[in-house]
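Engineer: Quick one: this structure, given as structure tokens, is what I'll be asking you about.
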Ligand code: 13P
């Protein structure tokens, strides 16, 4: 039995208006309240502008709240960006950093992701640091190389099991309905934990949650979440419907 508590995290990406956010987050909070003691934690990461709406909808439940990105700097002339302290102030406990969509759309490098995770830590947020190979990298046999170097580059000094979660998201599995085999997922997760141990020590690495992300859904969640080194999921599409996201969580 692993000491790592399963984390079921929803990344809403750029979806929803306030009414949708209230219904989705409120519906999930009700399910959580009704379920009593559960063996998993739940997190929702709405678009930044909807964070206050969601904070209100989940009040009084154990649902956790997170941002989808933060800036590396504390404040200042960064039009359109959100500081980690602002997320914390709005009620967040987590922030996703280095999602592949940000690495691609906003040219975020490992060094940038590292600085963002450090900013999250400095403001008392748990950083969900995303890594994962593209299809071309996988086809070239570089899956472990790529994930190893992303761990080396993206995980800041001072990372611990308490302030850091890793999310392994093969880029080719995101939104495609395709996933690696369970054996492949387990192999990559075990490798990631070993690489993490080189950075933060074996003791902390053994306690750090490593999530799988990429087309996780109510059908495949049970098998993926049962893998030895899979400590939860980072879910996109299937996190946008109360019943689907709840079904993923309860299959843990
Ligand atoms: P999907 O679950 O839609 O494949 O998205 C995964 C993801 O990118 C979560 O961050």
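The values are calculated or read from the model by the stated rules, or taken from the named source; none is laboratory data. Bear in mind that the values here come from a model prediction, so they are computed numbers and not experimental data. Cβ atoms come from the backbone with ideal geometry, glycine included; neighbour counts cover every protein chain shown.
Engineer: Could you check region 1-27 and list, in sequence order, the residues that are assigned to a helix (DSSP H, G or I) and within 25 Å of residue 100 (Cβ to Cβ)?
Structural biologist: First, pick out the residues of region 1-27 that are assigned to a helix (DSSP H, G or I): 18-27.
20, 21, 24, 25, listed by residue number.
Engineer: Mind listing whichever residues of region 89-123 are touching a helix residue (DSSP H, G or I) at 6+ places or on another chain (Cβ under 6 Å) and either within 15 Å of the ligand (Cβ to nearest atom) or not in a helix (DSSP H, G or I) (or both)?
Structural biologist: 90, 91, 95, 97, 98, 100, 108, 113, 123
Engineer: Here's a follow-up. If residue 52 meets every condition in (1) within 27 Å of residue 105 (Cβ to Cβ); (2) in contact with a helix residue (DSSP H, G or I) (Cβ under 6 Å, 6 or more places away or on another chain) apart from one, which number is that one?
Structural biologist: (2)
Engineer: Would you pick out the residues in region 124-154 that are in a strand (DSSP E or B) and farther than 16 Å from residue 169 by Cα?
Structural biologist: Once the filter is applied, which keeps residues that are in a strand (DSSP E or B) and farther than 16 Å from residue 169 by Cα, region 124-154 yields only 126.
Engineer: Right, another one. Based on what the data block shows, is residue 252 over 21 Å from residue 116 (Cα atoms) and at pLDDT below 95?
Structural biologist: Values: over 21 Å from residue 116 (Cα atoms): yes; at pLDDT below 95: yes.
When the stated conditions are applied, residue 252 passes them.
Engineer: Tally up the residues in region 14-28 that are in contact with a helix residue (DSSP H, G or I) (Cβ under 7 Å, 6 or more places away or on another chain) and in contact (Cβ under 8 Å) with a residue 40 or more places away in the chain, please.
Structural biologist: Matching residues across region 14-28 total 4.
Engineer: Just to verify a result, which residue in region 105-125, among those that are free of Cβ contacts under 8 Å to residues at least 40 places away in the same chain and within 17 Å of the chain's Cα centre (by Cα), is farthest from residue 7 (Cα to Cα)?
Structural biologist: Across region 105-125, the extreme among qualifying residues is 108.
Engineer: If you don't mind, there's one more thing I want to ask. Could you list, in sequence order, the residues of region 130-171 that are touching a helix residue (DSSP H, G or I) at 6+ places or on another chain (Cβ under 7 Å) and without any contact (Cβ under 8 Å) to a residue 40 or more places away in the chain?
Structural biologist: Across region 130-171, the qualifying residues are 133, 134, 135, 137, 138, 146.
Engineer: Might you check whether a residue that is surrounded by fewer than 17 Cβ atoms within 10 Å (Cβ to Cβ), outside any helix (DSSP H, G or I) and in contact with a strand residue (DSSP E or B) (Cβ under 9 Å, 6 or more places away or on another chain) occurs anywhere in region 53-65?
Structural biologist: Among the residues of region 53-65, at least one is surrounded by fewer than 17 Cβ atoms within 10 Å (Cβ to Cβ), outside any helix (DSSP H, G or I) and in contact with a strand residue (DSSP E or B) (Cβ under 9 Å, 6 or more places away or on another chain), which makes the answer yes.
Engineer: Go through region 170-226 residue by residue and tally those that are away from the ligand (no atom under 16 Å from the Cβ), assigned to a helix (DSSP H, G or I) and farther than 18 Å from residue 144 by Cα.
Structural biologist: Total meeting the criteria: 6.
Engineer: Then there is this: Restricting the search to region 148-160, which residues are more than 15 Å from residue 194 (Cβ to Cβ) and more than 16 Å from the ligand (Cβ to nearest atom)?
Structural biologist: 153, 156, 157, 158, 159, 160
Engineer: Counting only residues that are away from the ligand (no atom under 16 Å from the Cβ) and over 30 Å from residue 228 (Cα atoms), which one in region 1-19 is surrounded by the most Cβ atoms within 10 Å (Cβ to Cβ)?
Structural biologist: Filtering first and then ranking leaves 18.
Engineer: Still on this model: Report yes if some residue within region 231-251 is over 20 Å from residue 39 (Cβ atoms), touching a helix residue (DSSP H, G or I) at 6+ places or on another chain (Cβ under 8 Å), more than 15 Å from the ligand (Cβ to nearest atom) and not in a loop (DSSP other than H, G, I, E, B); otherwise report no.
Structural biologist: Taking every residue of region 231-251 in turn, none turns out to be over 20 Å from residue 39 (Cβ atoms), touching a helix residue (DSSP H, G or I) at 6+ places or on another chain (Cβ under 8 Å), more than 15 Å from the ligand (Cβ to nearest atom) and not in a loop (DSSP other than H, G, I, E, B).
Engineer: Can you name the condition, by its number, that residue 41 falls short on among (1) under 17 Å from the mean Cα position of the chain (by Cα); (2) away from the ligand (no atom under 16 Å from the Cβ); (3) part of a loop (DSSP other than H, G, I, E, B)?
Structural biologist: The failed condition is (3).
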